[in-house]
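First the structure, in the form of structure tokens, and then the observations on it.
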Amino acid sequence: MDNEVSMTPPAPTPSRALATEAVHAGRDDLASLGVHAPPIDLSTTYPSYDSRDEAMRIDAFATTGSLPDGPPVYARLDNPTTGRFETALARLEGTDSAVAFASGMAALTAVLLARASQGLRHVVAVRPLYGCSDHLLGAGLLGTEVTWTDPAGIADAIRPDTGLVMVETPANPTLAEVDIRAVAHACGTVPLLVDNTFATPVLQRPVEHGARIVLHSATKYLGGHGDVMGGVVACDEEFAATLRQVRFATGGVLHPLAGYLLLRGLSTLPVRVRAASTSAAELVRRLTADPRIARVHYPRIGGAMISFEVYGDPHRVISGVRLITPAVSLGSVDSLIQHPASISHRIVEEGDRRAAGVGDRLLRMSVGLEDVEDLWADLCQALSDGPVPSARTAERPLHSTAGR
Ligand code: MET
């Protein structure tokens, strides 16, 4: 008996803290497999001597979109390594399921196609969104039609063919926040999609506030090291099944090596997000007190993204950084800065961009894990091409999202 007790792993605790899930979700079977790190399955195809069984499994997937029992037949249906990342992300977001894609844009594309395939081609959306999301909705590339509105106008904008309401909060790049619960209420039976890329499940779990679909560019905080591109949708199993069918049909699959890296990234997500957020809040405090800065944007829920408007030439700041990397993207261990009007939101028509608060003097910074004093020193020299102001000049009170 003693032997039996020691050999049987204890049943997983039903509700584990986020930090625990981040490290263990998607890995529950590893000890029983006799390994410590997750295996990487690079197979594109899976052998079977039973073609009748394969036909049945393909039929079942085509009919239901459920994960095949046993090997996936072909890598466009599923992959066990990527499946671990999907399991873990669903656990962190508090959803039944998650479906991973080659990028955040492939993930959003699949959501739009899934709804359009049900005859629901109309989308209601709140600006700002990430520039390419805005473009994908607005350009009609997928045969969808968008109505842009503010949160208060959502209920009125919904039509019988509305398949989706989409918001991003905090929004890229202004960090504007929407009240997810209020918006979800306004959506009625139409599913609300929240792009949770900036907040991550560490700071916000949209499903707990009534959202039905959560989108991530996994390239950002989930991966966390600037070396893997991916996207993921967390949702109920019914919608996940449709997304898997779209993914199979359109081919925007995540590579299993990326799936491995994303699972690995999740294990440090809470630590990374909290540490970078502490530095970001300190930089916000100093920037708000700095006479070279016209306005600082920082969301109430916190996070590691900050935006600020300069009185001077924003392009000089970009060309002046030495430690901070002047590059688009975000969520890496190292800090990045970019000029949204030139890069991340360039594709949005200028008038729409400005109306959404993305002005020409706005800079967006993704705060990484460097020492905050080094980041401040670099920002200061880039802002002034001069020496770092003394600490006393940074003692004015903290204020966020306010102009001066
Ligand atoms: C190609 S531009 C943008 C990449 C990324 N989504 C960002 O906002 O930085």
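The values are calculated or read from the model by the stated rules, or taken from the named source; none is laboratory data. Quick caveat: nothing in here was measured; it's all calculated off a predicted structure. All Cβ positions, glycine included, derive from the backbone under ideal geometry; neighbour counts span all protein chains shown.
Looking at segment 192-225, which of its residues are away from the ligand (no atom under 14 Å from the Cβ), within 9 Å of the chain's Cα centre (by Cα) and over 14 Å from GLY303 (Cβ atoms)?
Within segment 192-225, VAL214 is the sole residue that qualifies.
Would you confirm, using the coordinates I've provided, whether LEU136 is touching a strand residue (DSSP E or B) at 6+ places or on another chain (Cβ under 7 Å), of a type in the set (A, V, I, L, M) and within 16 Å of the ligand (Cβ to nearest atom)?
Against the criterion (touching a strand residue (DSSP E or B) at 6+ places or on another chain (Cβ under 7 Å), of a type in the set (A, V, I, L, M) and within 16 Å of the ligand (Cβ to nearest atom)), LEU136 does not qualify.
Taking GLU237 as the residue in question, decide whether it is more than 14 Å from the ligand (Cβ to nearest atom), of a type in the set (Asp, Glu) and out of contact with any Asp or Glu (no Cβ under 8 Å at 6 or more places or on another chain).
When the stated conditions are applied, GLU237 does not pass them.
For segment 250-265, enumerate the residues that are surrounded by 24 or more Cβ atoms within 10 Å (Cβ to Cβ) and in a loop (DSSP other than H, G, I, E, B).
Within segment 250-265, LEU254 is the sole residue that qualifies.
Name every residue in segment 351-366 that is more than 13 Å from the ligand (Cβ to nearest atom) and touching a Gly at 6+ places or on another chain (Cβ under 9 Å), in order of residue number.
Answer for segment 351-366, where residues must be more than 13 Å from the ligand (Cβ to nearest atom) and touching a Gly at 6+ places or on another chain (Cβ under 9 Å): ASP352, ARG353, ARG361.
Report yes if some residue within segment 158-167 is within 21 Å of ALA356 (Cβ to Cβ) and either assigned to a helix (DSSP H, G or I) or out of contact with any strand residue (DSSP E or B) (no Cβ under 8 Å at 6 or more places or on another chain) (or both); otherwise report no.
no
Suppose we keep only residues that are in contact (Cβ under 8 Å) with a residue 12 or more places away in the chain and on the phi > 0 side of the Ramachandran plot within segment 11-68. Which one would you say is surrounded by the fewest Cβ atoms within 10 Å (Cβ to Cβ)?
That would be GLY65.
Do the conditions hold for ILE306, that is, is it aliphatic (A, V, I, L, M), more than 24 Å from THR278 (Cβ to Cβ) and not in a loop (DSSP other than H, G, I, E, B)?
no
Might you let me know whether segment 330-350 holds any residue that is modelled with pLDDT of 95 or more, away from the ligand (no atom under 16 Å from the Cβ) and in a helix (DSSP H, G or I)?
Yes; the residues of segment 330-350 include at least one that is modelled with pLDDT of 95 or more, away from the ligand (no atom under 16 Å from the Cβ) and in a helix (DSSP H, G or I).
Where residues in segment 115-133 are part of a loop (DSSP other than H, G, I, E, B) and within 14 Å of the ligand (Cβ to nearest atom), which of them is farthest from ASP195 (Cα to Cα)?
Among them, the one singled out is PRO128.
(1) crowded, with 24+ Cβ neighbours inside 10 Å; (2) within 16 Å of the ligand (Cβ to nearest atom): which one isn't true of VAL228, the others all being true?
Of (1) crowded, with 24+ Cβ neighbours inside 10 Å; (2) within 16 Å of the ligand (Cβ to nearest atom), only one is false for VAL228: (1).
Does segment 287-297 include one or more residues that are of a type outside the set (S, T, N, Q) and within 16 Å of the ligand (Cβ to nearest atom)?
yes
Report, ordered by the first and then the second residue, all pairs with beta carbons closer than 6 Å, sequence separation of six or more or different chains, a first member in segment 330-357 that is farther than 20 Å from ALA218 by Cα, and a second member that is among the charged types (D, E, K, R) and within 13 Å of the ligand (Cβ to nearest atom).
As it stands, the answer is VAL348/ASP134, since those pairs meet every condition given.
Can you tell me which condition ARG181 does not meet? The list is (1) assigned to a loop (DSSP other than H, G, I, E, B); (2) more than 16 Å from the ligand (Cβ to nearest atom); (3) surrounded by fewer than 24 Cβ atoms within 10 Å (Cβ to Cβ), and all the others hold.
(1)
Condition (residue is touching a Phe, Trp or Tyr at 6+ places or on another chain (Cβ under 7 Å) and at pLDDT 95 or above) applied to segment 148-170: is it met by at least one residue?
Within segment 148-170, one or more residues are touching a Phe, Trp or Tyr at 6+ places or on another chain (Cβ under 7 Å) and at pLDDT 95 or above.
Name the residue, out of ARG292, ARG316, ARG247, ARG286, that is closer than 26 Å to ASP385 by Cβ, among the basic types (Lys, Arg), surrounded by 17 or more Cβ atoms within 10 Å (Cβ to Cβ) and touching a residue at least 60 places away in the same chain (Cβ under 8 Å).
Of ARG292, ARG316, ARG247, ARG286, the one residue that is closer than 26 Å to ASP385 by Cβ, among the basic types (Lys, Arg), surrounded by 17 or more Cβ atoms within 10 Å (Cβ to Cβ) and touching a residue at least 60 places away in the same chain (Cβ under 8 Å) is ARG286.
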